[in-house]
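K.L.:
Quick one: structure below, then a few questions.
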Amino acid sequence: MRTFTPQAEDITRRWLVIDADGAILGRMATEIATLLRGKHKPIWAPHVDTGDHVIVVNASKLAISQKKGTDKLYHRHTGYPGGIKTETLEHLAARDIEKVVRLAVRRMLPKGPLGRQQLKKLKVYAGPTHPHHAQQPVERPLPARSHARITG
């Protein structure tokens, strides 16, 4: 039996909108990574990009616990000796919440050219609006486990 490889004419890409209001960052990112890779489709193959375009709105309303905000660290290196820079999730979210979502999803995608191609189909917006109405995106609800429990 030969490996199934979807052809370009077999792949149909939809535009999906995910509302991040009250969503848990990691659980939402796994759903987005699955949609970007196309694992929810019957024609999925690990070596071909069969995924959909995903638009994330209301990223500024993510449910991030206070402990996670102070304990989770993001590291980057400037390229100079001793140039490691560390930033907390709380500080990075205040500065650029779209980058927080993009980094969470990027680390769940394959490393290499295929993962970079899949990440280009992710659009993240802090507010409730987006400029992609011409693509006629469809609302995609997150599973119940992806939302933070309301205690009160």
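The values are calculated or read from the model by the stated rules, or taken from the named source; none is laboratory data. As the structure is a computational prediction, the values presented were derived from the model and not from experiment. Neighbour counts run over all protein chains shown; Cβ positions are idealised from the backbone, glycine included. These accessible areas exclude ligands, DNA and RNA; they are computed on the full protein's heavy atoms, side chains included. Shrake-Rupley method; radii C 1.70, N 1.55, O 1.52, S 1.80 Å.
K.L.:
I'm checking a number: the convex hull volume of the Cα atoms of the chain, normalised per residue, in Å³. What is it?
P.N.:
Value for the chain: 157 Å³ per residue.
K.L.:
At what distance in nm do the modelled label points of LEU114 and VAL138 sit from each other, each positioned 7 Å from its Cα along Cα→Cβ?
P.N.:
Spacing of the two 7 Å Cα→Cβ label points: 2.5 nm.
K.L.:
Next question. Using only the alpha-carbon atoms, what does segment 51-110 span along each of its principal axes? Please give whole angstrom values in decreasing order.
P.N.:
40, 30, 17
K.L.:
When the label point is put 7 Å from the Cα of THR30 along its Cα-to-beta-carbon vector, which residues of segment 86-126 have a backbone N closer than 17 Å?
P.N.:
Those under the cut-off are 104-110.
K.L.:
For the peptides 52-62, 82-92, what is the packing order when you average, over each peptide's residues, the other Cβ atoms within 10 Å and list the highest mean first?
P.N.:
By packing density, highest mean first, the sequence is 52-62, 82-92.
K.L.:
Taking a cut-off of 20 Å between Cα atoms, list the lysines near LYS72, but don't count ones fewer than 8 places away on the same chain.
P.N.:
Counting by Cα, and skipping residues close in sequence, LYS72 has these lysines nearby: LYS61, LYS85, LYS99.
K.L.:
Now for a different question. Roughly what % of DSSP beta bridges within segment 16-122 run antiparallel, to the nearest 5?
P.N.:
Looking only at bridges with both residues in segment 16-122, the antiparallel portion is about 45 percent.
K.L.:
Also, quick follow-up: Send over a whole-number figure in Å² for the accessible area per residue of the chain, probe 1.4 Å.
P.N.:
Per-residue accessible area for the chain comes out at 63 Å².
K.L.:
Quick one: helix 97-106 against the long Cα principal axis of the chain, what's the angle to the nearest 10°, folded into 0 to 90?
P.N.:
Roughly 50 degrees, rounded to the nearest 10.
K.L.:
Let me ask you something else. Taking Cα atoms, how many degrees apart are the long axis of helix 25-37 and the longest axis of the chain, rounded to 10 and kept between 0 and 90?
P.N.:
So the inclination is approximately 20 degrees.
K.L.:
May I pose another question? About the Cα centre, and with charges only on the beta carbon of Lys, Arg (+1) and Asp, Glu (-1), how big is the dipole of segment 5-96? Nearest 20 debye, please.
P.N.:
The dipole of segment 5-96 has a size of about 260 debye.
K.L.:
What distance in nm separates the simple spin-label points at HIS91 and SER65, each placed 7 Å from Cα in the Cβ direction?
P.N.:
So the two model labels end up 2.3 nm from each other.
K.L.:
Next question, about the same structure. Pop out the carbon and sulfur fraction of the accessible area of segment 71-119 as a percent, whole number, probe 1.4 Å.
P.N.:
That share works out to 54 percent.
K.L.:
Also, I was wondering about something else. For an R0 of 30 angstrom, estimate the FRET efficiency from the Cβ-Cβ distance between GLU98 and HIS77 and round to the nearest 0.05.
P.N.:
According to the calculation, E is roughly 0.90.
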